[in-house]
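Notes follow once the structure below has been shown.
The values are calculated or read from the model by the stated rules, or taken from the named source; none is laboratory data. What you are looking at is a predicted structure, and each value in this text was computed from that prediction instead of being measured. Here the Cβ positions follow ideal geometry from the backbone for every residue, glycine too, while neighbour counts run over all protein chains shown.
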Amino acid sequence: MDQLNELRQRIDTLDREMADLFCRRMEASAQVADYKRKAGLPVLDRKREAEILSRNGSALPKQELLPFYTAFQRRVMEISRQYQTSLIGGSSAACLPDLGYETILSRGALTRISDYFDLNRNVMIITDSGVPTIYGRKIAEQCRHVSVFTLPCGEASKSISCLRQLLEEMLRFGLTRQDCVVAVGGGMVGDLTGLAAALYMRGIDFYNVPTTLLAQVDSAIGGKTAVNLDGVKNAAGAFYRPKAVLIDPALLKTLYPRQLSAGMAEVVKMALICDAELFSLIETNAISRLDELIGRSLQIKAKIVAADETEHGLRRVLNFGHTIGHAIEATHPELLHGECVALGMLPMCSPSVRDRLKPVLQKLELPTSCVLDRPAIYGVLSHDKKSTANGITVTEVVEVGHYNMRQVSPEELMARLDIIEEGAFER
């Protein structure tokens, strides 16, 4: 043990030296950011980053450490870019857990998207008819060779037929494995584009620019891609990482209030399962501090995804409110996804948590009761992706900021629907 303690003390000393070097490096990065701001230069310099990796990697005395050094250096450069972006843009760019790709949170970053995405190649922008055309146009202006494919707005486009149309359009445009697609829109656009990118030529680069609050705080990161199949939500899909995700809160200014509220349901979900302080903030300030709410929600999701990317265990906690919520969404198309999640959370809370949750949902103008089509909902629950021979794995919140997961039968979930229908018949 004495030898082990000595080695640990040596590592502690080296860590302190690295902390000092890190601070000095970031001070230099701040000076670089100031120069770039005055000169109008982009933050991202791919050629220089490649040179650094090549030069320093070849100088390593132990080449077996090269892949580990490369991963470390790439993360340091990513953090440096985020820091420079926050200084240049005057926003609080979030530093998220490493997911194997960069997530940029910076207000106004869309106008500098070529700083973050490699657009010097053939680029196909995929969007939908509900997204302001100016967003795609701003990206197109920064591309070398670009095509825009616009899907019909709505969940109906998240289908095998639209996936096929998109793949055929990618082939017609002549995309190769060296090219990329950029999703510009909400969760439907991101999910469909990501799956197309995973399938086309067995995988090409995929960038995501979420334009709804719901997509910015949830679906845009995590690498889940899918389409719906025969009325079952996300029944066909794949885990496929984006190359990078750019989250610009300024894009939310064009959202209808109802869509903004629907996105807040996912923020509430994150707070209930993992962050009691965030939930208290939502209770008192609702959406007045939106950038902070987005950043803290991303921190929660990124941490969970980093620990369980392909949803074998911990990541299932993010399904809180979604099991019943997806069933409601499939049977009540007049409701938005976030509205269904809001309803789906209520039966999965303890009475004390529900007493706090209901006023928050009401303040956000989210539904707290609904008349349900029970036979149809039972049919959806019976095909839930999380279903096994022992039941459906669900997440429950018995105390704000804390959760537990357990398996329940569809019949038990059906019994909880009374909580959603309370008061619905009186309106």
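Filter the range 30-62 down to the residues that are outside any helix (DSSP H, G or I) and surrounded by 10 or more Cβ atoms within 10 Å (Cβ to Cβ) and list them by number. Quick ask: steps written out before the conclusion?
Within the range 30-62, the subset outside any helix (DSSP H, G or I) is 40-45, 59-62.
Residues satisfying the conditions are LEU41, PRO42, VAL43, LEU44, ASP45, LEU60.
Return the only residue of GLY401, GLY379 being at pLDDT below 95, within 20 Å of SER280 (Cβ to Cβ), surrounded by 14 or more Cβ atoms within 10 Å (Cβ to Cβ) and outside the structural domain of ASP218 (by TED's automatic domain parsing). I'd like the intermediate steps shown before the answer.
On the way: GLY379 fails: within 20 Å of SER280 (Cβ to Cβ).
Exactly one of GLY401, GLY379 is at pLDDT below 95, within 20 Å of SER280 (Cβ to Cβ), surrounded by 14 or more Cβ atoms within 10 Å (Cβ to Cβ) and outside the structural domain of ASP218 (by TED's automatic domain parsing), namely GLY401.
Condition check: more than 20 Å from GLU412 (Cβ to Cβ), part of a loop (DSSP other than H, G, I, E, B) and outside the structural domain of ASP218 (by TED's automatic domain parsing). Does SER280 satisfy that?
Working: more than 20 Å from GLU412 (Cβ to Cβ): yes; part of a loop (DSSP other than H, G, I, E, B): no; outside the structural domain of ASP218 (by TED's automatic domain parsing): yes.
Judged against the criteria, SER280 is not a match.
Condition first: buried (at least 24 other Cβ atoms within 10 Å of the Cβ) and either over 17 Å from ASP118 (Cα atoms) or out of contact with any strand residue (DSSP E or B) (no Cβ under 8 Å at 6 or more places or on another chain) (or both). Now tell me which residues in the range 196-212 satisfy that. Lay out the reasoning, then the answer.
Our first condition is that a residue be buried (at least 24 other Cβ atoms within 10 Å of the Cβ); within the range 196-212, this holds for 196-197, 206-212.
The answer is ALA196, PRO210, THR211, THR212.
Kindly evaluate LEU192 against the criterion of being surrounded by 21 or more Cβ atoms within 10 Å (Cβ to Cβ) and part of a loop (DSSP other than H, G, I, E, B). Talk me through it step by step, then tell me what you get.
Details: surrounded by 21 or more Cβ atoms within 10 Å (Cβ to Cβ): yes; part of a loop (DSSP other than H, G, I, E, B): no.
Spelling it out, it is not the case that LEU192 is surrounded by 21 or more Cβ atoms within 10 Å (Cβ to Cβ) and part of a loop (DSSP other than H, G, I, E, B).
Restricting to the range 345-358, and then to whatever is of a type outside the set (A, V, I, L, M) and touching a residue at least 60 places away in the same chain (Cβ under 8 Å), can you tell me which residue is surrounded by the most Cβ atoms within 10 Å (Cβ to Cβ)? Working first, answer last.
Filtering the range 345-358 for residues of a type outside the set (A, V, I, L, M) gives 347, 349-352, 354-356, 358.
Filter once more, keeping what is touching a residue at least 60 places away in the same chain (Cβ under 8 Å): 347, 349, 354, 356.
Details: PRO347: 19, CYS349: 22, ARG354: 17, ARG356: 14.
Going through the qualifying residues, I end up with CYS349.
Considering only residues that are among the aliphatic types (A, V, I, L, M) and surrounded by fewer than 22 Cβ atoms within 10 Å (Cβ to Cβ), look in the range 89-112 and name the one that is modelled with the lowest pLDDT.
Filtering the range 89-112 for residues among the aliphatic types (A, V, I, L, M) gives 93-94, 96, 99, 104-105, 109-110.
Next, from what is left, pick out any that are surrounded by fewer than 22 Cβ atoms within 10 Å (Cβ to Cβ): 94, 99, 110.
Working: ALA94: 54, LEU99: 81, LEU110: 93.
This residue is ALA94.
Could we say that ALA226 is touching a Ser or Thr at 6+ places or on another chain (Cβ under 8 Å) and assigned to a strand (DSSP E or B) here?
Details: touching a Ser or Thr at 6+ places or on another chain (Cβ under 8 Å): no; assigned to a strand (DSSP E or B): yes.
When the stated conditions are applied, ALA226 does not pass them.
State whether the residues of the range 254-270 include one that is at pLDDT 95 or above, in contact with a Phe, Trp or Tyr (Cβ under 6 Å, 6 or more places away or on another chain) and either within 16 Å of VAL353 (Cα to Cα) or not assigned by TED's automatic domain parsing to the domain that holds LEU44 (or both).
Yes.
Can you give me the number of residues within the range 355-374 that are among the hydrophobic types (A, V, I, L, M, F, W, C) and outside any helix (DSSP H, G or I)?
If we filter the range 355-374 for residues that are among the hydrophobic types (A, V, I, L, M, F, W, C), which is where we start, we get 357, 360-361, 364, 366, 370-372.
Narrowing the set further to residues that are outside any helix (DSSP H, G or I) leaves 364, 366, 370-372.
Total satisfying the criteria: 5.
Among the residues in the range 88-95, are any in contact (Cβ under 8 Å) with a residue 60 or more places away in the chain, within 20 Å of LEU255 (Cβ to Cβ), of a type outside the set (A, V, I, L, M) and not in a loop (DSSP other than H, G, I, E, B)?
no
Mind telling me which of the residues THR310, THR323 ends up being outside any helix (DSSP H, G or I) and over 26 Å from TYR135 (Cβ atoms)?
Details: THR323 fails: outside any helix (DSSP H, G or I).
Result of the check over THR310, THR323: THR310.
With the condition kept exactly as written, say whether any residue in the range 142-163 is within 22 Å of LEU41 (Cβ to Cβ), assigned to a loop (DSSP other than H, G, I, E, B) and of a type outside the set (A, V, I, L, M, F, W, C).
Checking the range 142-163: at least one residue is within 22 Å of LEU41 (Cβ to Cβ), assigned to a loop (DSSP other than H, G, I, E, B) and of a type outside the set (A, V, I, L, M, F, W, C).
Keeping to the range 326-353, report how many residues are at pLDDT below 95, in a helix (DSSP H, G or I) and among the charged types (D, E, K, R).
Residues flagged as at pLDDT below 95, in a helix (DSSP H, G or I) and among the charged types (D, E, K, R) within the range 326-353 amount to 1.
Kindly indicate the residue of the range 271-299 that is modelled with pLDDT under 90 and more than 17 Å from the chain's Cα centre (by Cα) and also farthest from PRO257 (Cα to Cα) among those meeting that condition.
That would be THR284.
Here is a check on your reading of the model: is MET201 outside the structural domain of MET405 (by TED's automatic domain parsing) and part of a helix (DSSP H, G or I)? Break it down into steps so the answer makes sense when it comes.
Working: outside the structural domain of MET405 (by TED's automatic domain parsing): yes; part of a helix (DSSP H, G or I): yes.
Considered against the rule, which asks whether it is outside the structural domain of MET405 (by TED's automatic domain parsing) and part of a helix (DSSP H, G or I), MET201 comes out as yes.
Tally the residues that are of a type outside the set (S, T, N, Q), closer than 18 Å to ALA140 by Cβ and touching a Pro at 6+ places or on another chain (Cβ under 7 Å), restricting the search to the range 191-209.
2
Given the options LYS38, LYS47, LYS62, name the one that is of a type in the set (Lys, Arg) and at pLDDT 85 or above. Don't jump to the end; show me each part of the working.
Numbers: LYS38 fails: at pLDDT 85 or above; LYS47 fails: at pLDDT 85 or above.
None of the others qualify; the one that does is LYS62.
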